[in-house]
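Engineer: Structure below; questions to follow.
The values are calculated or read from the model by the stated rules, or taken from the named source; none is laboratory data. Only a predicted model underlies this, so the values are computations on that prediction, with no experimental measurement involved. In this analysis, Cβ positions are derived from the backbone assuming ideal geometry, glycine residues included, and neighbour counts consider all displayed protein chains. Each accessible area value is taken on the protein alone, full model and side chains, heavy atoms only, with ligands, DNA and RNA left out. Shrake-Rupley method; radii C 1.70, N 1.55, O 1.52, S 1.80 Å.
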Amino acid sequence: MKIAILSAADVAGSYTATLMERGHEITIGPFGHAPTAVTSMIESGIEGVLILTDDDGNLEEIAARFTRATGRPIWRNLTEIPR
């Protein structure tokens, strides 16, 4: 499964390793302007988003727009992601 991690880079590293061990393909970000980021995620075939922040309005907006546009999941905890 292709998963985008939306988080600060220093936090995302350990999650990336765990998810890759489980066989997932991981992308960190994208960051920036929400509509552009969501378009990029859709074009890249992202199947779900793991968001690891509670205080970044831009990342929250990216995740919300992504799920509205695709119906694909947003996870907030590693244990929520299917193996």
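Engineer: Quick check, is S44 at pLDDT 90 or above and open to solvent by less than 70 Å² (accessible area, probe 1.4 Å)?
Structural biologist: yes
Engineer: State all residues of region 1-43 that are of a type in the set (V, I, T) and part of a helix (DSSP H, G or I); if no residue qualifies, say none.
Structural biologist: Listed by number, the residues that qualify are V11, T16, T18, T36, V38, T39, I42.
Quick grid of which residues meet (1) touching a Phe, Trp or Tyr at 6+ places or on another chain (Cβ under 8 Å); (2) open to solvent by 60 Å² or more (accessible area, probe 1.4 Å); (3) at pLDDT 90 or above:
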| residue | (1), (2), (3) |
| --- | --- |
| A9 | no, yes, no |
| T16 | no, no, yes |
| L19 | no, no, yes |
| T36 | no, yes, yes |
| A63 | no, no, yes |
| N77 | no, yes, yes |
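Engineer: Further question on the same structure: Please identify the pairs in which a residue from region 1-29 that is in contact (Cβ under 8 Å) with a residue 60 or more places away in the chain and of a type in the set (V, I, T) has its Cβ atom under 8 Å from the Cβ atom of a residue that is in a strand (DSSP E or B) and open to solvent by less than 70 Å² (accessible area, probe 1.4 Å), counting only partners at least 6 apart or on another chain.
Structural biologist: Qualifying pairs under 8 Å: I3/I26; I3/T27; I3/G48; I3/V49; I3/L50.
Engineer: If you go through region 5-43 one residue at a time, how many are more than 21 Å from E80 (Cβ to Cβ) and small (G, A, S)?
Structural biologist: So the answer is 5.
Engineer: Which condition does D54 not pass, out of (1) open to solvent by 20 Å² or more (accessible area, probe 1.4 Å); (2) touching a residue at least 40 places away in the same chain (Cβ under 8 Å), if it passes all the others?
Structural biologist: If we test D54 against (1) open to solvent by 20 Å² or more (accessible area, probe 1.4 Å); (2) touching a residue at least 40 places away in the same chain (Cβ under 8 Å), just (2) comes out false.
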